[in-house]
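The values are calculated or read from the model by the stated rules, or taken from the named source; none is laboratory data. This structure is a prediction, so every number in the text was calculated from the model and none was measured. Reconstructed Cβ throughout: ideal geometry from the backbone, glycine too, with neighbour counts over all protein chains shown.
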Amino acid sequence: MSESDEKVALGLDIAHHVHEIQTQGYSVVPNFLDAEEIAKIRYAFNTEVPITEMRAIGTESGKTWRAHNLIAKTRAVDHVYLDPRLRAIVEGVIGKYTQINITTLFNTLPGETKQLLHQDDGLWPIPRPHPSFLCNALIAFDDFRIDNGATHIVPYSHTWHDCNVDQDVDSIQVEMPSGSMLLWEGGMWHAGGANKSTDERMGLFISHQVSYLRPQEIQLLSVPQDVVREMPRKLKRLLGYHPFGIGVDGRDPLDVLDDEIVVNPDAHLADYWRAKL
Ligand SMILES: O=C(O)CCC(=O)C(=O)O
């Protein structure tokens with residue numbers, strides 16, 4: 001399939017979104033999920049996903065509900081992690097070796113205050129600007145509006161050299177209807193907004209990184225292996241079970257996941273090999 005055929009098959013101008021993320025730091029994909037899909041996922045989240053009280057960056061009100069480690073908690077969004085449009089955009093931004101860094105469900109409740117502007121790649125202490133290694137997606141379940149705290153972003157800020165930002169710097173809020181997806185480069189300064197409305201603002205955050213970095217949430221430990229074994233092969237790869245150099249004693253981690261043999265069956269004590277010399 002040619003590149004332009006592929007673009008049509010995905011129903012999205014992938015190159016356009018990749019270009020926007022690379023240049024201005026963000027891009028919005030409208031109608032990424034339809035209303036029926038959102039309703040199904042929302043139901044699964046409300047009925048299957050335990051939530052923790054983990055305060056959002058720079059807020060004290062406790063009025064953001066969060067659930068991390070979603071891959072261990074529900075199968076309702078596996079197809080979203082694997083969506084070819086999402087995969088193509090992420091690979092366009094950070095390259096073909098990608099994995100999941102964190103998955104978070106959040107619900108910003110009425111009365112929540114604005115987060116501090118932050119960079120999602122701030123955990124990795126390397127000089128800026130740097131090649132893109134993090135690409136994040138935020139899917140709106142509710143309409144994101146100014147009054148319910150739509151995400152603040154500082155366009156182009158992923159190209160800045162500073163590791164600090166003036167919290168009063170000009171930002172814009174990304175208003176988007178339910179089902180839309182906001183994507184950004186991991187170095188772009190952004191913050192959840194203050195929810196001054198009477199409505200909740202729920203969204204699904206999926207952070208991706210290059211597969212040769214340690215993810216913020218340790219996916220290999222976070223999801224029980226019995227659960228991983230049942231997943232589609234591509235999702236296992238996205239969780240970090242990808243061959244990288246030695247793999248597991250020279251074997252593909254997916255083979256080891258299946259047979260649980262961590263010592264390569266072709267390995268023998270030295271005398272075995274000496275006898276063959
Ligand atoms: O609430 C949002 O729109 C963004 C949330 C965010 O950036 C975060 O919690 O780190």
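Data for the structure
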{"read-out": "Identity of the residue in the range 231-277, among the β-branched types (Val, Ile, Thr) and part of a loop (DSSP other than H, G, I, E, B), that ends up modelled with the lowest pLDDT", "value": "Ile246"}
{"read-out": "Hits in the range 157-185 - residues which are modelled with pLDDT under 95 and surrounded by 16 or more Cβ atoms within 10 Å (Cβ to Cβ)", "value": "Trp160, Val165"}
{"read-out": "Options Ile14, Ile21: the member that is modelled with pLDDT of 95 or more and in contact with a Leu (Cβ under 8 Å, 6 or more places away or on another chain)", "value": "Ile21"}
{"read-out": "Residue in the range 208-223 that is modelled with pLDDT of 95 or more, β-branched (Val, Ile, Thr) and within 30 Å of Met176 (Cα to Cα) present", "value": "yes"}
{"read-out": "Residue list for the range 93-104, filter: away from the ligand (no atom under 14 Å from the Cβ) and touching a helix residue (DSSP H, G or I) at 6+ places or on another chain (Cβ under 6 Å)", "value": "Val93, Thr98, Gln99, Ile100"}
{"read-out": "Selection count, the range 127-160, where residues are more than 9 Å from the ligand (Cβ to nearest atom) and in a loop (DSSP other than H, G, I, E, B)", "value": "18"}
{"read-out": "All positions within the range 189-239 that are over 18 Å from the mean Cα position of the chain (by Cα), within 16 Å of the ligand (Cβ to nearest atom) and hydrophobic (A, V, I, L, M, F, W, C)", "value": "Ala194"}
{"read-out": "Filtered residue count, the range 188-215, keeping only those that are surrounded by fewer than 22 Cβ atoms within 10 Å (Cβ to Cβ) and within 20 Å of Pro127 (Cβ to Cβ)", "value": "4"}
{"read-out": "Residue in the range 38-92 that is farthest from the chain's Cα centre (by Cα), counting only those that are in a helix (DSSP H, G or I) and within 16 Å of the ligand (Cβ to nearest atom)", "value": "Phe45"}
{"read-out": "Complete set of residues in the range 22-38 that are under 15 Å from Ala88 (Cα atoms) and either aliphatic (A, V, I, L, M) or without any contact (Cβ under 8 Å) to a residue 12 or more places away in the chain (or both)", "value": "Val28, Val29"}
{"read-out": "Qualifying residues in the range 161-188 (those that are of a type in the set (Ser, Thr, Tyr) and closer than 27 Å to Thr98 by Cβ) - the one farthest from the ligand (Cβ to nearest atom)", "value": "Ser178"}
